[in-house]
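Before any comments, here is the structure.
The values are calculated or read from the model by the stated rules, or taken from the named source; none is laboratory data. Treat the numbers as computed from the prediction; the structure is a model and nothing was measured. Here the Cβ is made from the backbone with ideal geometry for all residues, glycine too, and neighbour counts use every protein chain on show. With ligands, DNA and RNA removed, areas are computed over all heavy atoms of the protein, side chains included. Shrake-Rupley method; radii C 1.70, N 1.55, O 1.52, S 1.80 Å.
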Amino acid sequence: GTKLKIAIDTGLHDTVGIDLVGMCVNDLLAQGAEPLMFLDYYATGKLEVETARRVVAGIAQGCTLAGCALVGGETAEMPGMYGAGDYDLAGFSVGAVDRDKVLPRLDDQCAGDILIGLGSAGPHSNGYSLVRKVVERSGLAWDAPAPFAEGQTLAQALMAPTRIYVKAVLPLLKAGLVKGGAHITGGGLIENPPRAIREGLTARFDWDAWPLPPVFEWLQKTGGLSDHELRRTFNCGVGFMLI
């Protein structure tokens, strides 16, 4: 997504590959599947070898975190399609799950089931068009100290990569302990969990059960965002939800 614009503007290319893998393999987990293979697509106007190397190294690191193999990819040079220094990324992942273990297990769900939120590392890969607008409104430069993260620049803090949940969640899937899972991406906790919940049931969140991470407090205050807009755009500290 537009998180790439921050990478391009600041030269922080090392973790966007982790984001790319995370957005794919976390979606596989929500289906109950174990990620097996990953392929990447890198498109640019004119190939800058060092930038591409750093991006692909991040993809390889993401695959290591996800326990899947980077089996191939495509690099495309398309002069005139992209501005100087611009590039775009896409990814594709294959996973496997026994047919009778596909999530969500809607027939097993009932009122009183527990929702467990797994912490996020920040905004992950969602809402960055709004993030960039809030930064613009703040008047801060990308290399300014982050108001919400000591010892980091604003760009470094906002480029924290998507957390990959494979090693945390896969043992629970194999043990049959999960009735549903939701990867909390664009739409936040408002729009993502309903896909994993049986019709007639609804998620009930205790919004005071976890502290809102400082990055989201800063985005809300600086951007003048309502609670609803914040929760509809960002993960608000919960990157994956288990039922």
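The listed residues I184, I164 rank as I164, I184 when sorted by accessible area, largest first, using a 1.4 Å probe.
With 24 Å as the limit, the listed pairs K133/K221; K3/K174; K133/K167; K46/K133; K3/K179 have K3/K174; K133/K167; K46/K133; K3/K179 beyond it between alpha carbons. Dipole magnitude for segment 111-177: about 200 debye, using +1 per Lys or Arg Cβ and -1 per Asp or Glu Cβ, origin at the Cα centre. In the context of the full set of protein chains, residues of segment 113-228 present 54 Å² of accessible surface per residue (probe radius 1.4 Å, heavy atoms only). Taking a quarter of the surface of the Cα convex hull of segment 167-229 gives a mean projected area of 5.9 nm². Each of the peptides 42-49, 155-162, 99-106 was scored by the mean count of other Cβ atoms within 10 Å over its residues; in descending order, highest first, they stand as 155-162, 42-49, 99-106. Based on C-alpha pairs under 8 angstrom that are at least 6 apart in sequence, segment 1-111 has a relative contact order of 39 percent. With all protein chains in place and a 1.4 Å probe, the accessible surface of the chain carries 53 percent carbon and sulfur. With distances taken between every two different alpha-carbon atoms, the chain has a Kirkwood hydrodynamic radius of 18.9 Å. For segment 11-156, DSSP calls about 55 percent of its internal beta bridges antiparallel. Charge dipole (Cα centre; +1 on Lys/Arg Cβ, -1 on Asp/Glu Cβ; no other charges) of the chain amounts to roughly 260 debye.
The D88 and E191 beta-carbon pair, evaluated with R₀ = 22 Å, returns a calculated FRET efficiency of approximately 0.35.
For T153, the residues 5 or more places off, or on other chains, whose built amide H falls under 5 Å of its own are A146. In percent, rounded to a whole number, the relative contact order of the chain is 27, using alpha-carbon pairs under 8 Å and six or more apart.
Listed values for segment 85-97 are Karplus-derived 3J(HN,Hα) couplings in whole Hz (6.51 cos²θ - 1.76 cosθ + 1.60, θ = phi - 60°), namely x, 6, 8, 9, 10, 9, x, 9, 10, 10, x, 10, 8, and x replaces Gly and Pro. For segment 47-141, taking Cα atoms only, Rg and Dmax work out to 19.8, 56 Å respectively. Around the amide H of L36, modelled in the peptide plane, lie the amide H atoms of V94, G95, A96, all under 5 Å away and 5 or more residues distant in sequence or on another chain.
Here the simple spin-label model places points 7 Å from the Cα toward Cβ, and for A52 and D227 these points are separated by 4.9 nm. The chymotrypsin sites (Phe, Trp or Tyr not before Pro) of segment 178-243 that DSSP puts in a loop, and whose beta carbon has at most 11 other beta carbons within 10 Å, are W207.
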